[in-house]
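**Student:** Dumping the structure here so I can ask a few things about it.
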There are 2 protein chains.
Amino acid sequence: MALSGRKERILKAVVDSYIESCEPISSSEIREKYLPELSSATIRNELASLEDMGYLVQPHVSSGRVPTADAYRLYVDKLMPRRKLTRSEIGVVKKYFGRKLKDIDEVVKSTAKVISEITNLTSVAYMDDIRDDVITNIKIVKIMPTVALFIIVTDHSIIKDTTANVAEELDDVYFDDAGKFATSLFAGKRISEITSGKVVSDVHREYKRIFDAIIAILKSYEVSDADITVEGSSKILDQPEFNDLEKARAMLAVLDSKEKLYPVLKSGNMDLTIKIGEEVGMPDCAIVTASIDLGEAGVGNAGVIGPMRMDYSKVISVLDCIGKAIGALDKDDDN
Amino acid sequence: MALSGRKERILKAVVDSYIESCEPISSSEIREKYLPELSSATIRNELASLEDMGYLVQPHVSSGRVPTADAYRLYVDKLMPRRKLTRSEIGVVKKYFGRKLKDIDEVVKSTAKVISEITNLTSVAYMDDIRDDVITNIKIVKIMPTVALFIIVTDHSIIKDTTANVAEELDDVYFDDAGKFATSLFAGKRISEITSGKVVSDVHREYKRIFDAIIAILKSYEVSDADITVEGSSKILDQPEFNDLEKARAMLAVLDSKEKLYPVLKSGNMDLTIKIGEEVGMPDCAIVTASIDLGEAGVGNAGVIGPMRMDYSKVISVLDCIGKAIGALDKDDDN
DNA sequence: TGTTAGCACTCTCTTCTTTCGATTGCTAAA
DNA sequence: TTTAGCAATCGAAAGAAGAGAGTGCTAACA
């Protein structure tokens, strides 16, 4: 059922106000600050109606109103203002992405840092699963008398490199050939195909150990925890709704453990995912994540995790701006 | 001034009790639980004396006594029982270190996890600075048409590898030679010598860019944040002394930021470092760290950060046990 | 019919007071 | 030197009172 224009304006006023102050707002305050053309009594009537519809609640009978998860949902879908970043906020983004970044890992970490710095919320950033990457090249290099480094390149140019102990008598030429052989065998295959054993072969005896080592390396990457960078987890304590120690503890316990965090973050592959309240699995929380195209390096995800009462507009602008900054980064890299 | 045996026993009772309960202890409680052969009045006299000496304080006049930082110092240096780990605690260590670990990074992370799990405290683990490492070998491998991977091996066998963009026309042979040239130039030198510009040379024109790239890579590692793994930061909230929101916030802000954390952790190169109170720079805190020999991989550091009132005995046992477990790990690796 | 003013009612939050209990230091006796 | 006894001190918990904020409802008004 659609809300009247006036109800929408009042609801937006409640949400805007609550996002700013985290205090229940009264009918007279709405009148003063947002809708001076209405009387408080009229607003009160509308508030009671919005409460019936499930958009508002009262902490107790003689207090103002507070938005419900449904209200935030309507707010982000329809009512929210679309703001631009300020000059100084853009400056912060540039500060992090203006210089050359060493590798994907550093991009992910910088992304998390800049988001947390601008939004003052806890931020997360992680790369998508690599299991569907396709292998393009394998090189093996002897770096010490008994140690070789395996370099596995995929279509997302994610380089997985791991050392393995090898027999001392094998020389550079041998590993060069072994790398070429491995490339011929695995190139064009997905990592998941290889680890699931679908790529079998009449492996030359002499390369059997190399073959096994590569499979072992790929498997080890497959089972390793999704690597999520969390930045600014202490900022959750700045939020009034987590002033309660029990809530703060529950929240931090999740942020602390990648195992708990991953299922909470995991989302459909949308450009922008906003989960509010129930959808998150943690009370009073919301998560906003955006997927970020890293060009050849794959697809990353970044966002914030905070109270339902967050500045969605700002958060979304920041994610958008960072997406663009990283796009520009990629171009620079090609020069 | 040395304490009498009786004073020592009473002080130990106060510390033991406070570590367990985080409650001020009264003279009568000491009598009941620790020293039934004395009267509470006698204990009271001794407590007053210990307070004069700076080992105890009273939160307020009608409460029991609480140990000061000096008391904990004396406790760990002299009074503390040396306990062994229980069978199940050793089991936890084995769970983490029984299997093969992929690389140093994984060893560091596992170390932090196991310490936090057993002690129920926030743990930290990090590798020593690499600036004093000596370079032993440099290899350069072309992995894509315009991308080369630089592999720099040091005496601690820490392998620093980074990609760089290169001209398409250069071939494998070129990079092979370039690697040999770089090795001849840099082998035996400390990273800090190289980045400070002490190694200058009549670089062949043709390798100038390679030379510059290697210096850039080494510099980038030099300035990058010390990489500290923190595990279980939310556990700090389980400690009663951090039930105060302000204190919790201050603590978590430090744990959140590697920049703030590193100076707090940094210690003389001791096998075991115990900082208590003032020495830490954060009130009511203590830090226990041990350096762990990782064989060829270098020297790591691991420990806990928590309230002064921590179970030092248990913490030290855990660090000791983990040191041994990692020693055993190294042996396995060589097979 | 929608809007508004007025007002009684409800409930929280703060402050003040009181009481209760824990623990000490001191004194005097053993 | 140790111990029993006791007045004194202070914090924590419980209770009481008052102020203030905000609502819902009623009745009047456009």
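**Student:** Consider B:GLY98 carefully, then state whether it is more than 10 Å from DNA strand C (Cβ to nearest atom) and either under 30 Å from B:THR229 (Cα atoms) or touching a Phe, Trp or Tyr at 6+ places or on another chain (Cβ under 6 Å) (or both).
**Tutor:** yes
**Student:** Continuing with the same structure: Considering only residues that are part of a helix (DSSP H, G or I) and within 13 Å of DNA strand C (Cβ to nearest atom), which ones fall in segment B:11-30?
**Tutor:** Listed by number, the residues that qualify are B:ALA13, B:VAL14, B:SER17, B:TYR18, B:SER21, B:SER27, B:SER28, B:GLU29, B:ILE30.
**Student:** Being part of a strand (DSSP E or B) and surrounded by fewer than 19 Cβ atoms within 10 Å (Cβ to Cβ) is the filter; apply it to segment B:126-142 and report the residue that is farthest from the other protein chains (Cβ to nearest Cβ).
**Tutor:** Only one residue tops the list, namely B:VAL134.
**Student:** Also: Please go through segment A:278-303 and give me each residue that is farther than 13 Å from A:ILE104 by Cα and among the acidic types (Asp, Glu), ordered by number.
**Tutor:** Selection gives A:GLU278, A:GLU279, A:ASP284.
**Student:** Being among the charged types (D, E, K, R), under 29 Å from A:VAL141 (Cβ atoms), away from chain A (no Cβ under 14 Å) and more than 16 Å from DNA strand C (Cβ to nearest atom), is that true of even one residue in segment B:109-117?
**Tutor:** no
**Student:** Something else: Determine whether segment B:15-28 contains at least one residue that is touching a Phe, Trp or Tyr at 6+ places or on another chain (Cβ under 7 Å) and under 13 Å from B:LEU79 (Cα atoms).
**Tutor:** yes
**Student:** Here is a follow-up. Given the options A:VAL141, A:VAL107, A:VAL93, A:VAL134, name the one that is of a type outside the set (Phe, Trp, Tyr), closer than 28 Å to B:SER220 by Cα, in contact (Cβ under 8 Å) with a residue 24 or more places away in the chain and in contact with an Asp or Glu (Cβ under 9 Å, 6 or more places away or on another chain).
**Tutor:** Of A:VAL141, A:VAL107, A:VAL93, A:VAL134, the one residue that is of a type outside the set (Phe, Trp, Tyr), closer than 28 Å to B:SER220 by Cα, in contact (Cβ under 8 Å) with a residue 24 or more places away in the chain and in contact with an Asp or Glu (Cβ under 9 Å, 6 or more places away or on another chain) is A:VAL141.
**Student:** Restricting the search to segment B:91-125, which residues are assigned to a strand (DSSP E or B) and either over 19 Å from the mean Cα position of the chain (by Cα) or among the β-branched types (Val, Ile, Thr) (or both)?
**Tutor:** Once the filter is applied, which keeps residues that are assigned to a strand (DSSP E or B) and either over 19 Å from the mean Cα position of the chain (by Cα) or among the β-branched types (Val, Ile, Thr) (or both), segment B:91-125 yields B:THR122, B:VAL124.
**Student:** Then there is this: Can you tell me how many residues in segment B:1-18 are more than 10 Å from DNA strand D (Cβ to nearest atom) and modelled with pLDDT of 95 or more?
**Tutor:** So the answer is 12.
**Student:** Let me ask another. Is it the case that segment A:182-195 has a residue that's out of contact with any helix residue (DSSP H, G or I) (no Cβ under 8 Å at 6 or more places or on another chain) and either in the same structural domain as A:SER313 (by TED's automatic domain parsing) or in a strand (DSSP E or B) (or both)?
**Tutor:** yes
**Student:** Here's a check for you: in segment A:68-90, which residue that is small (Gly, Ala, Ser) and either on the phi > 0 side of the Ramachandran plot or touching a residue at least 60 places away in the same chain (Cβ under 8 Å) (or both) is farthest from the other protein chains (Cβ to nearest Cβ)?
**Tutor:** Within segment A:68-90, the match that is farthest from the other protein chains (Cβ to nearest Cβ) is A:ALA71.
**Student:** If you take the residues in segment A:37-53 that are assigned to a loop (DSSP other than H, G, I, E, B) and closer than 19 Å to A:ASP16 by Cβ, which one is farthest from DNA strand C (Cβ to nearest atom)?
**Tutor:** A:MET53
To keep it simple, each residue is scored yes or no on (1) at pLDDT below 95; (2) loosely packed, with under 14 Cβ neighbours inside 10 Å.
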{"residue": "B:GLU46", "(1), (2)": "no, no"}
{"residue": "B:GLU51", "(1), (2)": "no, no"}
{"residue": "B:PRO67", "(1), (2)": "no, no"}
{"residue": "B:ARG73", "(1), (2)": "no, no"}
{"residue": "B:LYS95", "(1), (2)": "yes, yes"}
{"residue": "B:GLY98", "(1), (2)": "yes, yes"}
{"residue": "B:VAL107", "(1), (2)": "yes, no"}
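**Student:** Which numbered condition in (1) free of Cβ contacts under 8 Å to residues at least 60 places away in the same chain; (2) assigned by TED's automatic domain parsing to the domain that holds B:LYS113 is the only one that B:LYS219 fails?
**Tutor:** Failing condition for B:LYS219: (2).
**Student:** If I filter segment A:79-90 for residues that are surrounded by 18 or more Cβ atoms within 10 Å (Cβ to Cβ), of a type outside the set (D, E, K, R) and either within 16 Å of DNA strand C (Cβ to nearest atom) or assigned to a helix (DSSP H, G or I) (or both), do I get at least one hit?
**Tutor:** Checked against the condition, which is being surrounded by 18 or more Cβ atoms within 10 Å (Cβ to Cβ), of a type outside the set (D, E, K, R) and either within 16 Å of DNA strand C (Cβ to nearest atom) or assigned to a helix (DSSP H, G or I) (or both), segment A:79-90 yields no hits at all.
**Student:** Now, a different point. Restricted to segment B:236-287, and to residues that are within 8 Å of another protein chain (Cβ to nearest Cβ) and at pLDDT 90 or above, which residue is nearest to B:PRO24 (Cα to Cα)?
**Tutor:** Looking at residues that are within 8 Å of another protein chain (Cβ to nearest Cβ) and at pLDDT 90 or above, I get B:ASP238.
**Student:** Follow-up. Please work out if B:SER28 is modelled with pLDDT of 95 or more and either out of contact with any Leu (no Cβ under 8 Å at 6 or more places or on another chain) or closer than 25 Å to B:ILE287 by Cβ (or both).
**Tutor:** Answer is yes for this residue.
**Student:** Another one. From the list B:ARG6, B:ARG83, which one is closer than 21 Å to B:GLN239 by Cβ and not hydroxyl-bearing (Ser, Thr, Tyr)?
**Tutor:** B:ARG83
**Student:** Within segment B:167-195, restricting attention to residues that are of a type in the set (A, V, I, L, M) and in contact (Cβ under 8 Å) with a residue 40 or more places away in the chain, which residue is farthest from the other protein chains (Cβ to nearest Cβ)?
**Tutor:** Among residues in segment B:167-195 that are of a type in the set (A, V, I, L, M) and in contact (Cβ under 8 Å) with a residue 40 or more places away in the chain, the one farthest from the other protein chains (Cβ to nearest Cβ) is B:ILE194.
**Student:** Restricting to segment B:266-301, count the residues that are within 14 Å of B:LEU319 (Cβ to Cβ) and either in contact with a Phe, Trp or Tyr (Cβ under 8 Å, 6 or more places away or on another chain) or among the acidic types (Asp, Glu) (or both).
**Tutor:** Adding up the residues that qualify gives 7.
**Student:** Can you find, within segment A:207-235, the residue that is farthest from B:LYS109 (Cα to Cα) among those that are assigned to a helix (DSSP H, G or I), within 9 Å of chain B (Cβ to nearest Cβ) and under 21 Å from the mean Cα position of the chain (by Cα)?
**Tutor:** So the residue we want is A:LYS235.
**Student:** A further question on this structure: Checking the condition modelled with pLDDT of 95 or more, out of contact with any strand residue (DSSP E or B) (no Cβ under 9 Å at 6 or more places or on another chain) and hydroxyl-bearing (Ser, Thr, Tyr), which residue from B:SER39, B:SER62 passes?
**Tutor:** Just one listed residue meets the conditions, B:SER39.
**Student:** Shifting gears a bit: Look at A:LYS275 and say whether it is over 20 Å from A:MET310 (Cβ atoms) and either within 14 Å of the chain's Cα centre (by Cα) or in contact (Cβ under 8 Å) with a residue 40 or more places away in the chain (or both).
**Tutor:** Taking the combined requirement at face value, the residue does not satisfy it.
**Student:** Residue under question is B:LEU74, and the condition is that it be more than 30 Å from B:LEU294 (Cβ to Cβ), part of a helix (DSSP H, G or I) and more than 16 Å from DNA strand D (Cβ to nearest atom); does it hold?
**Tutor:** When the stated conditions are applied, B:LEU74 passes them.
**Student:** Hey, can you tell me all the residues within segment A:19-42 that are away from DNA strand D (no atom under 12 Å from the Cβ) and either within 14 Å of another protein chain (Cβ to nearest Cβ) or closer than 16 Å to A:SER63 by Cβ (or both)?
**Tutor:** The one that is away from DNA strand D (no atom under 12 Å from the Cβ) and either within 14 Å of another protein chain (Cβ to nearest Cβ) or closer than 16 Å to A:SER63 by Cβ (or both): A:CYS22.
**Student:** Just checking, which of B:LYS7, B:LYS33 is more than 13 Å from DNA strand C (Cβ to nearest atom), within 24 Å of B:PRO81 (Cβ to Cβ) and out of contact with any Pro (no Cβ under 9 Å at 6 or more places or on another chain)?
**Tutor:** Within the list B:LYS7, B:LYS33, the selection yields B:LYS7.
The values are calculated or read from the model by the stated rules, or taken from the named source; none is laboratory data. The model shown is predicted, which means the values in this text are computed figures rather than measured ones. Every residue, glycine among them, receives a Cβ derived from its backbone with ideal geometry; neighbour counts consider all protein chains shown.
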